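Every number in this text was worked out from the coordinates using simple rules, so none of it is lab data. Everything quoted here is computed from the prediction, not taken from an experiment. Cβ placement follows ideal geometry from the backbone for every residue including glycine, while neighbour counts extend to all protein chains displayed.
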Amino acid sequence: MFTKPLALLLILPLAACTALKETKVAKSDPLKTTALYKVETVKMEHGIASWYRDHRTASMERFDGNAMAGAHKTLKFGTKVRVVDLKTNKSLIVRINDRGPYIRGRVIDLTVGAARKLGIYDRGIAKVRVEVLKEIPLLQRPNLHTKPQPKSRVYTQAAKPASNLAAR
């Protein structure tokens, strides 16, 4: 019925319509991550950790019992510390936002949420190691744009162009 040249003429317009296909390339935003924490510790303390609930914090933050936060006598507010339970070797990173504890031998008070996550809530107190972590800010270049940039587009060839098929 159909000859090869006639079938080729019917297929060529369809191939030309699907020659270019648009593919979007996703870029990651380098400004979303603000800090990394050094594995090496700046300072280390050993002592007893306890937990506390419901009182006004010394940093004037609203108290959140589920937050991963704690109280320390001397560390600056906002300092990140790793608390390691010496019995189970479980660890947790908390942010210092309060002052205390004021009982001899205790080095840190944790919120109820942090104590539960560390596994010391039921025991009440635990022997711990407190490691002060040093914050390392990521490299920030002055030429980075803060406005969202348009997504880049890459065109890939889905089928051979019609001109190459006709030449054969």
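In the structure shown, the pairs Lys76/Lys117; Lys43/Lys134; Lys43/Lys117; Lys73/Lys127 are assessed against 21 Å; a Cα-Cα span above that value is assigned to Lys76/Lys117; Lys43/Lys117. Its relative contact order, with pairs defined as Cα atoms under 8 Å and 6+ residues apart, puts region 37-137 at 45 percent.
Does a label point 7 Å from the Cα of Thr41, set along Cα-to-beta-carbon, have any residues of region 47-87 with amide nitrogen under 20 Å, and which are they? Residues 47-51, 68-87 qualify, since their backbone N sits under 20 Å from the label point. Charging the Cβ of each Asp and Glu at -1 and of each Lys and Arg at +1, and nothing else, the dipole of region 94-138 about its Cα centre rounds to 140 debye. Residues within the reach of a label modelled at Lys76 (point 7 angstrom out along Cα to beta-carbon, backbone nitrogen below 19 Å), restricted to region 94-115, are 94-100.
Only the Cβ atoms of Lys and Arg (+1) and of Asp and Glu (-1) were treated as charged; on that basis the dipole of region 37-137 about its Cα centre amounts to roughly 160 debye.
Percent of C-alpha pairs per 10 Å bin in region 37-137, short distances first: 17, 55, 27, 2.
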